[in-house]
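Working notes, beginning with the structure itself.
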There are 2 protein chains.
Amino acid sequence: MTDLTKMGEKARAASRALAAAGPKKDKALLAAAEGLESGAEKILEENRKDLAAAKAEGMRPALLDRLAVNRERIKGMAGSLRGVAAQKDPVGEVVSGFTRPNGLKIEKVRVPFGVIGVIYEARPNVTSDAAAICIKAGSAVILRGGREAYRTNTAVEEILRASLRKAGLPEDCVQLVHDVSRESARAMMNMTGYIDVLIPRGGKNLIRTVTENAHVPVIKTGWGNCHIYVDASADVNMAANIVFNAKTSRPSVCNAAESLLVHKDIAPKALPAIKAMLDEKNVELRGCERTRTILGSSIVPATEEDYGTEYLDYIMSVKVVDSLDEAITHIAKYSSGHSEAIVTESYENARRFASEVDSAAVYVNASTRFTDGGEFGLGAEIGISTQKLHARGPMGVSELTTTKFIVTGNGQIR
Amino acid sequence: MTDLTKMGEKARAASRALAAAGPKKDKALLAAAEGLESGAEKILEENRKDLAAAKAEGMRPALLDRLAVNRERIKGMAGSLRGVAAQKDPVGEVVSGFTRPNGLKIEKVRVPFGVIGVIYEARPNVTSDAAAICIKAGSAVILRGGREAYRTNTAVEEILRASLRKAGLPEDCVQLVHDVSRESARAMMNMTGYIDVLIPRGGKNLIRTVTENAHVPVIKTGWGNCHIYVDASADVNMAANIVFNAKTSRPSVCNAAESLLVHKDIAPKALPAIKAMLDEKNVELRGCERTRTILGSSIVPATEEDYGTEYLDYIMSVKVVDSLDEAITHIAKYSSGHSEAIVTESYENARRFASEVDSAAVYVNASTRFTDGGEFGLGAEIGISTQKLHARGPMGVSELTTTKFIVTGNGQIR
């Protein structure tokens, strides 16, 4: 097994140089963007080996697609690196500051975490995306990618490390765990003293495993069981457009809507209108009894399990509710705390929904699909936090830092 | 064993009412302050029983003092409640907000965590202090106090719950775990879904146990192995005053200094001056060889263990160092990340120390004893965070909240 402690020590040493690196960080990121483009052939070659091995093991086509890299995708990865380089450096920002009556000047200053761990699954672009955000945030990063993408990830790692050297930074600012056994992931979850924060990026199971086993601090990024509630006063046309967009524009992502709640007074009108649009994409609806009464018995009956499921597919659970209160209670029970939306023309119901629904992002009359670092104007994101500690919602570079207090005086004692 | 799940459900239900309680929270806190004063006799009676039981079990005098409550201390507890009531309500603060080019208005709003757990040791005032801060932060709280203070804590709990009722709030906003077995503490660490954040308040062992066993998110509050580094250019008089204050003004607290580092060029002058002041309080110094050469062989030799120890007593480890770099490296190795100070007249060394020492609070020419919510102007504090996630340094009411995004539009889709 890889000696993770050794990697941890190297990362910690590298993080000290990185903490004060300033514009060298951007230099490294721009070099890496060029490196990805000029080294595309090598990446593609390694990716073909990964794909062949995965096919031989019988990987499903959807997963093969996630694993596959092509020139277009490499260009996208390079573009992301340039985007992160163009962002403002969060390190050194004075978040707040004041002078106390005794003359002590107290400043709260944004500083890097130190070492960030990222555990992720098949998508190779996460290797460069996550590394870039961590570097920009001033932290060294230890990456543990999926077993299937091992060769591709290693090719990307080499380019990243060469770029760091070129920029005069320690190459150990980025380290990929080359041992892709289950044990190496477990060991990473317990690198107390070496990893300051661990971020799992992937499906529900990965996140649960990390949350249950990690002793280092974790930021949970989200699976999303996102709801759209169509209130009695909703504009039916707007509701149908929002549901259609939230469900079908990209069903495999965490901010896609999975569950539709409709007030009973508007259901007879709204449900057929929404279904008509969703039919264009052959969305399967799984509904409660009242939904089936309105839309017909061809609708699959929804089970308790359906209401708690993130389908990530062209499937949506549907429930007719008696009131806003029932909608809010249903969401509190089944939601993963990611994103929820109300469609309403009622000022008071909009206000209550926004205030009482306890999710990372709560929408009034807009699609849940906007929960995204880019759409929120934060630039690149490392993930969407669905926990309440530290950061909630899309996490950009600034959310990947911490603060410290710098207190300056001239001999004050207490 | 107490059914903690039941308590969790009650807390969660209570938290919903509390989230929107506004000024009722202050009403409850003021009622509790009065309740503590008018109910002092009952508290004292229960405390006498706790003390008698603890004495019978052979508790050390220092710990008995921590457990003891008297009229003065009850007055102090009531005063703290009034102080928290007088603070600004953090809930509802719009932390940031902007309108995106597509017309979506995005606001980041401060909201309560929901349910906070606090595990603490002997001091009964933590029961009212912690409850007050959590209530003000809009969260229900589940308190698990020390076994020894059980009767006293229960008397305080009754007053707090009665005050909540008086203010029209659910009494379950405050619940004390009446089962003080080890199992109840362990169970509390795993109340995923019921406890949003768990805060251990106490010594190093308690904090380690919680960090290693909790599956709910934890905020580590600090034990402090705080350092003072006396630089070559230091004003010796200022250095002696700061060391004396940081070591002796209250040795049992986490922001007290435990270790002294002195540059070799100033050591022959600074060490005797510092020792002369510390001698007034009979502070035991444990020094390196060079320290013993300067101060005499009566100084106890410091072991490796000494440099990592939080004495919480009139003892201090001492090391003569060759350079600022050696001081910074020593601190990186032994510090608990709480508070460190440099005494210097060098602009560049002040700047480097402040930037390179990675602790919650870094001081230039001031005592580490200022790391405190009150001294930082934050009002009451729940503890000093020594972790990097969520909050670092003194945590006031505002640090005990989270945020969510409220996004309002008029039909935006992506």
Notebook entry, point to check: Can you pull out the residues in segment B:240-251 that are at the interface with chain A (Cβ under 9 Å from one of its Cβ atoms) and over 20 Å from the mean Cα position of the chain (by Cα)?
Noted result: B:Asn241, B:Ile242, B:Phe244
Check: What single numbered condition from (1) under 27 Å from B:His390 (Cβ atoms); (2) within 12 Å of chain B (Cβ to nearest Cβ); (3) among the aliphatic types (A, V, I, L, M); (4) assigned to a helix (DSSP H, G or I) fails to hold for A:Ile195?
Finding: (4)
Checklist line | Answer from A:Lys42, A:Lys75, A:Lys24 - the residue that is touching a Leu at 6+ places or on another chain (Cβ under 6 Å) and surrounded by fewer than 20 Cβ atoms within 10 Å (Cβ to Cβ) | finding: A:Lys24
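Where in segment A:54-158 are there helices (runs of 4 or more DSSP H), lying fully within it, with 2 or more residues that are of a type in the set (Lys, Arg)?
Numbers: elements: A:61-67, A:71-86, A:125-136.
The qualifying helices (runs of 4 or more DSSP H) are A:71-86.
Quick grid of which residues meet (1) at negative phi; (2) among the basic types (Lys, Arg); (3) buried (at least 18 other Cβ atoms within 10 Å of the Cβ); (4) in contact (Cβ under 8 Å) with a residue 60 or more places away in the chain:
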position: B:Ser249; (1), (2), (3), (4): yes, no, no, yes
position: B:Ala256; (1), (2), (3), (4): yes, no, yes, yes
position: B:Ser259; (1), (2), (3), (4): yes, no, yes, yes
position: B:Glu289; (1), (2), (3), (4): yes, no, no, no
position: B:Ser298; (1), (2), (3), (4): yes, no, no, no
position: B:Ala302; (1), (2), (3), (4): yes, no, yes, no
position: B:Tyr311; (1), (2), (3), (4): yes, no, yes, yes
Item checked: Criterion violated by A:Ala13 - all others in (1) in a helix (DSSP H, G or I); (2) within 27 Å of the chain's Cα centre (by Cα) satisfied -> (2)
Notebook entry, point to check: Which condition number does A:Lys388 fail, the rest of (1) within 7 Å of another protein chain (Cβ to nearest Cβ); (2) buried (at least 22 other Cβ atoms within 10 Å of the Cβ); (3) not in a loop (DSSP other than H, G, I, E, B) being met?
Noted result: (3)
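Go through segment A:391-400 residue by residue and tally those that are in contact with a Leu (Cβ under 6 Å, 6 or more places away or on another chain) and within 7 Å of chain B (Cβ to nearest Cβ). Can you show your working first?
Restricting attention to segment A:391-400, the residues satisfying the condition of being in contact with a Leu (Cβ under 6 Å, 6 or more places away or on another chain) are A:394, A:396.
Keeping just the survivors that are within 7 Å of chain B (Cβ to nearest Cβ) gives none.
The qualifying residues number 0.
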Notebook entry, point to check: Restricting to segment A:1-34, what's the tally of residues that are within 14 Å of chain B (Cβ to nearest Cβ) and among the hydroxyl-bearing types (Ser, Thr, Tyr)?
Noted result: 1
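One line per residue, one yes/no per condition, for (1) in a strand (DSSP E or B); (2) at the interface with chain B (Cβ under 8 Å from one of its Cβ atoms):
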residue	(1), (2)
A:Ile328	no, no
A:Glu375	no, yes
A:Thr402	yes, yes
A:Phe405	yes, yes
A:Gly409	yes, yes
Next item on the list: With the condition kept exactly as written, say whether any residue in segment A:109-129 is in contact with a helix residue (DSSP H, G or I) (Cβ under 6 Å, 6 or more places away or on another chain), touching a residue at least 24 places away in the same chain (Cβ under 8 Å), on the phi > 0 side of the Ramachandran plot and within 13 Å of another protein chain (Cβ to nearest Cβ).
Entry: yes
Next item on the list: Considering each of A:Asp231, A:Asp196 in turn, give the residue that is touching a Lys or Arg at 6+ places or on another chain (Cβ under 8 Å), acidic (Asp, Glu) and buried (at least 24 other Cβ atoms within 10 Å of the Cβ).
Entry: A:Asp196
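Residues to consider are A:His338, A:His330; find the one that is buried (at least 24 other Cβ atoms within 10 Å of the Cβ), of a type outside the set (Ser, Thr, Tyr) and at negative phi.
Numbers: A:His330 fails: buried (at least 24 other Cβ atoms within 10 Å of the Cβ).
Only one candidate passes the filter, namely A:His338.
Restricting attention to segment A:358-373, which residues are within 29 Å of A:Ala232 (Cα to Cα) and part of a loop (DSSP other than H, G, I, E, B)? Step through it out loud before you land on a result.
First pass over segment A:358-373, keeping only residues within 29 Å of A:Ala232 (Cα to Cα): A:358-372.
Residues satisfying the conditions are A:Asp358, A:Ser359, A:Ala360, A:Ser367, A:Thr371, A:Asp372.
Over 22 Å from B:Lys75 (Cβ atoms) and surrounded by 21 or more Cβ atoms within 10 Å (Cβ to Cβ): which single residue out of B:Gly97, B:Gly92, B:Gly145, B:Gly117 fits that description?
On the way: B:Gly97 fails: surrounded by 21 or more Cβ atoms within 10 Å (Cβ to Cβ); B:Gly92 fails: surrounded by 21 or more Cβ atoms within 10 Å (Cβ to Cβ); B:Gly145 fails: over 22 Å from B:Lys75 (Cβ atoms).
The unique qualifying residue is B:Gly117.
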Checklist line | Qualifying positions in segment B:182-219 - closer than 18 Å to B:Ser139 by Cβ and among the hydroxyl-bearing types (Ser, Thr, Tyr) | finding: B:Thr192, B:Tyr194
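Name the single residue, out of those in segment B:190-217 being hydrophobic (A, V, I, L, M, F, W, C) and without any contact (Cβ under 8 Å) to a residue 40 or more places away in the chain, that is nearest to B:Phe113 (Cα to Cα).
The extreme case among them is B:Ala214.
Can you confirm whether segment B:350-360 contains a residue that is touching a Ser or Thr at 6+ places or on another chain (Cβ under 7 Å), crowded, with 24+ Cβ neighbours inside 10 Å and under 29 Å from A:Leu389 (Cα atoms)?
First, pick out the residues of segment B:350-360 that are touching a Ser or Thr at 6+ places or on another chain (Cβ under 7 Å): B:350, B:359-360.
Next cut, crowded, with 24+ Cβ neighbours inside 10 Å only: B:359-360.
Going one step further and asking which of them are under 29 Å from A:Leu389 (Cα atoms), we end up with B:359-360.
Yes.
Test B:Ile106 against the criterion of being within 14 Å of chain A (Cβ to nearest Cβ) and over 19 Å from B:Ile199 (Cβ atoms), and give yes or no.
Numbers: within 14 Å of chain A (Cβ to nearest Cβ): yes; over 19 Å from B:Ile199 (Cβ atoms): yes.
So B:Ile106 passes the test.
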Note to self: Against the conditions (1) in contact with a Ser or Thr (Cβ under 9 Å, 6 or more places away or on another chain); (2) of a type in the set (D, E, K, R); (3) more than 13 Å from B:Ser259 (Cβ to Cβ), where does B:Lys319 fall short? Just the number, please.
What the structure shows: (3)
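Here, each number is a calculation from the coordinates, and none is a lab measurement. All of these numbers come straight from a predicted model, not from anything done at the bench. Quick reminder, even Gly has a Cβ in these numbers, built from the backbone with ideal geometry, and neighbours come from all protein chains shown.
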